[in-house]
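Trainee: One structure follows; several queries about it will come next.
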Amino acid sequence: MIERKQGRRSAQDAVKTKGEILRVAANMFCTLGYERVSLRNISEQAGVSHSLIRHHFGSKEKIWYAISDCLQEFMIGYIRTIIDNMPEKLPANEKMYIFAVRLLAHMLMNKQPIQLIADAVRQEDALFDYFVDQSGQIQTVVDSIANEYNQEHPNTPIKVWEIKWQMIMYAHGAASLSPFLLQTWSEETNDIDQCLLNHWQMFNQIMAHRLQVPLEKRLTPKTVAELVYSCECTL
């Protein structure tokens, strides 16, 4: 009985250690970039031995893959959360609108996903391909909403990749160009949260106009954080 409890505790400790290694590595990849991070750097920051990291993951590349897998799983779950919280029988244009502006809000408040994507683009093709070429579940969900919209609005169809591209631009701009974000509204405020809200509002107006969402149906949050659903799963 004692041996079984010790074995269970040992397994739990291993899972906790792997999680901490991934958390530290994700932060380092985001702030320094993949190429500038080594296994030894990660081991020092995580407070574990170099050999233990190799035991759990084998290589820096496999750590990055594990982070990408976790991120993919989280984003699939978060997108489902957005959809599950939409009112029933919502018109397709409002559905796509809420999906886009709420997902951007999450990306503005949680910068790691867009930072990892941007860094993957700068690295080997294999990293970016692995990041985007997964199960296709996210694409399937988004396509289903877009197809529903296009069926209801055949004269003004939308292209999913155009909306995704706009979302990526707005998310990456806020994550990588914060000084410009603050400078843009420097005459009004020096509060980064207010600047993020102003930034989000620009995207909000574009999506609402493009998707023909009436004024009374548009979201009017006081902060970007109001639009983000709480979730315990983070990198």
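Trainee: Using the beta-carbon distance between Glu162 and Asn27 and R0 = 35 Å, what value does 1/(1 + (r/R0)^6) give for FRET efficiency, to the nearest 0.05?
Mentor: 0.65
Trainee: Any idea what the dipole of the chain comes to, in debye rounded to 20, about its Cα centre with Lys/Arg Cβ at +1 and Asp/Glu Cβ at -1?
Mentor: Rounded to the nearest 20 debye, it is 700 debye.
Trainee: Now for a separate question. Counting only trypsin sites (Lys or Arg not before Pro) that sit in a DSSP loop (anything but H, G, I, E, B) with at most 11 other Cβ atoms within 10 Å, what is the longest stretch of the chain containing none of them?
Mentor: In the chain, the maximal stretch lacking such sites is 1-88.
Trainee: Can you spot the lysines whose alpha carbon is less than 30 Å from Lys159's alpha carbon? Ignore those fewer than 8 places along the same chain.
Mentor: Lys89, Lys95, Lys111, Lys217, Lys222
Trainee: As a footprinting exposure proxy, order His56, His209, His50, His199 by other Cβ within 10 Å, with the fewest listed first.
Mentor: Fewest-to-most ranking of His56, His209, His50, His199: His209, His50, His56, His199.
Trainee: Still on this structure: Distance between the C-alpha centers of region 145-162 and region 45-91? Whole Å please.
Mentor: Their Cα centres are 30 Å away from one another.
Trainee: Further, regarding this structure: I need the GluC sites (Glu not before Pro) found in region 6-106, filtered to DSSP loop residues with at most 11 other beta carbons within 10 Å of theirs.
Mentor: Glu88
Trainee: Pairing the Cα long axis of helix 2-32 with the longest principal axis of the chain, what angle in degrees results, from 0 to 90 and rounded to the nearest 10?
Mentor: That works out to roughly 60 degrees.
Trainee: Sequence-distant or interchain residues sharing an amide H contact under 5 Å with Gln123, placed H: which?
Mentor: none
Trainee: If you take percent of Cα pairs over 34 Å apart from the coordinates, which of (i) 5; (ii) 26; (iii) 12 do you get?
Mentor: (ii)
Trainee: Among Ile192, Thr17, Leu116, which residue has its Cα furthest toward the positive end of the charge dipole of the chain, with +1 on Lys/Arg Cβ and -1 on Asp/Glu Cβ?
Mentor: Working it through, the farthest residue towards the positive pole turns out to be Thr17.
Trainee: With axes computed from alpha carbons, what is the tilt in degrees of helix 160-176 against the longest principal axis of the chain, rounded to the nearest 10 within 0 to 90?
Mentor: That helix lies at roughly 60 degrees to the long axis.
Trainee: Through the Karplus equation 6.51 cos²θ - 1.76 cosθ + 1.60, θ set to phi - 60°, convert the phi angles of region 67-83 into ³J(HN,Hα) values in whole Hz; use x for Gly and Pro.
Mentor: Each residue's phi maps through the Karplus curve to give 5, 4, 4, 5, 5, 4, 4, 5, 5, 4, x, 5, 4, 5, 5, 4, 5 Hz.
Trainee: While we're here: List, in order, the whole-Hz ³J(HN,Hα) value for each residue of region 150-156 obtained from phi through the Karplus relation with A = 6.51, B = -1.76, C = 1.60 and θ = phi - 60°; use x for Gly and Pro.
Mentor: 5, 5, 7, 10, x, 7, 9
Read the figures in this text as sums done on the coordinates, not as results from a lab. Everything quoted here is computed from the prediction, not taken from an experiment. Positions of Cβ are generated from backbone atoms using ideal geometry, with glycine treated the same way; all protein chains shown enter the neighbour counts.
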